[in-house]
1. Which one is nearest to ILE402 (Cα to Cα) among residues in region 1-37 that are among the charged types (D, E, K, R) and either in contact with a helix residue (DSSP H, G or I) (Cβ under 6 Å, 6 or more places away or on another chain) or open to solvent by less than 20 Å² (accessible area, probe 1.4 Å) (or both)?
2. Can you name the number of the only condition in (1) in contact with a Gly (Cβ under 9 Å, 6 or more places away or on another chain); (2) surrounded by fewer than 16 Cβ atoms within 10 Å (Cβ to Cβ) that TYR301 fails?
3. Please indicate, with yes or no, whether at least one residue in region 280-289 is open to solvent by less than 10 Å² (accessible area, probe 1.4 Å), in a strand (DSSP E or B), within 24 Å of ASN195 (Cα to Cα) and at pLDDT 90 or above.
4. Name the residues in region 487-523 that are outside any helix (DSSP H, G or I), within 18 Å of GLY356 (Cβ to Cβ) and among the charged types (D, E, K, R), would you?
5. Tally the residues that are among the aliphatic types (A, V, I, L, M), open to solvent by less than 10 Å² (accessible area, probe 1.4 Å) and under 27 Å from VAL381 (Cα atoms), restricting the search to region 68-112.
6. Scan region 434-444 and tell me whether some residue there is open to solvent by 40 Å² or more (accessible area, probe 1.4 Å), under 19 Å from the mean Cα position of the chain (by Cα) and not hydroxyl-bearing (Ser, Thr, Tyr).
7. Only one of GLU192, GLU156 is open to solvent by less than 10 Å² (accessible area, probe 1.4 Å), outside any loop (DSSP other than H, G, I, E, B) and either out of contact with any strand residue (DSSP E or B) (no Cβ under 9 Å at 6 or more places or on another chain) or of a type in the set (Asp, Glu) (or both); which?
8. For region 159-169, which positions are in a helix (DSSP H, G or I) and either acidic (Asp, Glu) or under 19 Å from PRO120 (Cα atoms) (or both)?
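The values are calculated or read from the model by the stated rules, or taken from the named source; none is laboratory data. The structure presented is a predicted model; accordingly, all values stated were derived computationally and were not measured. So basically every Cβ, Gly included, is an ideal-geometry build from the backbone, and we count neighbours across all protein chains shown. Accessible surface is based on the protein model in full, side chains and every heavy atom, while ligands, DNA and RNA are left aside. Shrake-Rupley method; radii C 1.70, N 1.55, O 1.52, S 1.80 Å.
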Amino acid sequence: MKASDLLVSSLEREDVEYVFGVPGEETEDLLFSLRDSDIRFIPVRHEQGAAFMANVYGRLTGEAGVSLGTLGPGATNLVTGVADANLDKAPLVAITGQGGLERLHKESHQALDIVQMFEPITKWNTQLNDPDIITESVRKAFKIAEYEKPGATHLEFPENVARSETDSTPMDPRERVQHAAPEPSLIQRVQEYLNAADRPLIIAGNGAVRTGAATRLREFVEKTGIPVASTYMGKGAVSDRSSQSLLTLDSGDHQEASDAIEMADLILTVGYDIAEHDPAGWNKGTDTVIVHLDSEPAEVYEAYNPNLELVCNLSTALAKLTEEMDDSDTQFDETWYHDLRDHILEDIAANPPEDGGFTVRSVLPVLRAVMDAEDVLISDVGSHKMQIAQNFPTYEPNTCIISNGLASMGISVPGGVAADLATDAEVVAATGDGGFLMNGAEIETATRVGCSYTILLFVDDDYGLISEKQRAHRGESFGTELTNPDFMTLAESFGIDGYRPEKWDELEETLRDALNTDGMSLVEIPVE
């Protein structure tokens, strides 16, 4: 068959449903091979949006999302979304076109060394310079992208290779490689550490959600009564309805979770990724014992030097710990942290006076009230992300999607497309006016594809998070002010419903109406 048909057949064998991308001249053969396949190619408005869609799709499904760009600027436009997936540990396979091999030894139109460019932002990448290596390369790209810890891989496809012929056939995927169960002796050592502790505490990270370990973690926490503070990307690993939940690590205006960490005499980290949260922010240099449970050894870090490391399958380890903990050893004294939890819940539930203006923080309790536990909130990056991470209770895994590895602005609107395709839940894409206009053009993609989700747009005419930090450092801000279009007119131009609540007594009804809209909607909220 033609090499481009073989690549697409290999994608089909990997159960790929969607390819998000921008068409290019050098990907013509591949595009027409996609047309004749069972895979849906979704043309987007910018390659960064394509990568963000593949990124969020991978996080929500555990299956690698696929993004496509052409050579040169198509490839460079993919870079931010691919790097974001890699640091967020989201499985993604990027495919780029390239000029014919006969011109790559010399300077030529739009030609860059894309493989070298993608080297530091992927787990693995290669050039498909021979049609007979396609089948192995595609299998390897997906295997590596999806293997714990997941991330991004990349395949470059020169146009003359794409149109060549080959006798190769696609490889069949096998069961995904799993980490082994922990050694019984290590489980015993963890038990000994726990038995010696009076105030143990769990930090649940990205890996607790990503690996599907949430069920086992919840069982362990329920049996032992150990409190849990989640990282931003670990939200939902333990339901914030649980009496053991201290919500989010580094809790901003309410410091109770940080206080609990300082009071704890043992920290058990579960799936903790240092890239998403600097341990220096919570480990204040005390003598607290740290036990590291993850699929990879801990990074060597002065602020994070665990006493014991278990590198293994997280679900299996947690199940073993739950099973082996004697009843006499479980049910730690919970009185030491319950007052802290009560204070957190009181704080996040507080509503401002009805005559006050909107703030992100004060809107979140209303948003939480109108969203079901299984609905998905995707946060863009900005000052609103901090408030969502700290003050939006999350009840199920993968229902609050936050980028906190690379932490890229512009992810939420394209991420909403992926979430709508990947789940049956209602989806809300929360963003600020800074991040929104970075990839707001993907609203057109969303409407063309037939998506139905709500964009919650917080408007302060500023890069607010940077302003906050500048004012904290210098007492003033510079270079952060913005002007904006009329967002209601913009929504109308895209053919979607627009809402702009003016008063507090309008907010809940407005959000309910937007979420119940049969199609896309945008809710603009001016914030102080």
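1. GLU14
2. Failed condition: (1).
3. No, region 280-289 contains no residue that is open to solvent by less than 10 Å² (accessible area, probe 1.4 Å), in a strand (DSSP E or B), within 24 Å of ASN195 (Cα to Cα) and at pLDDT 90 or above.
4. ARG500, GLU502, LYS503
5. 10
6. yes
7. That would be GLU156, the only listed residue that is open to solvent by less than 10 Å² (accessible area, probe 1.4 Å), outside any loop (DSSP other than H, G, I, E, B) and either out of contact with any strand residue (DSSP E or B) (no Cβ under 9 Å at 6 or more places or on another chain) or of a type in the set (Asp, Glu) (or both).
8. GLU159
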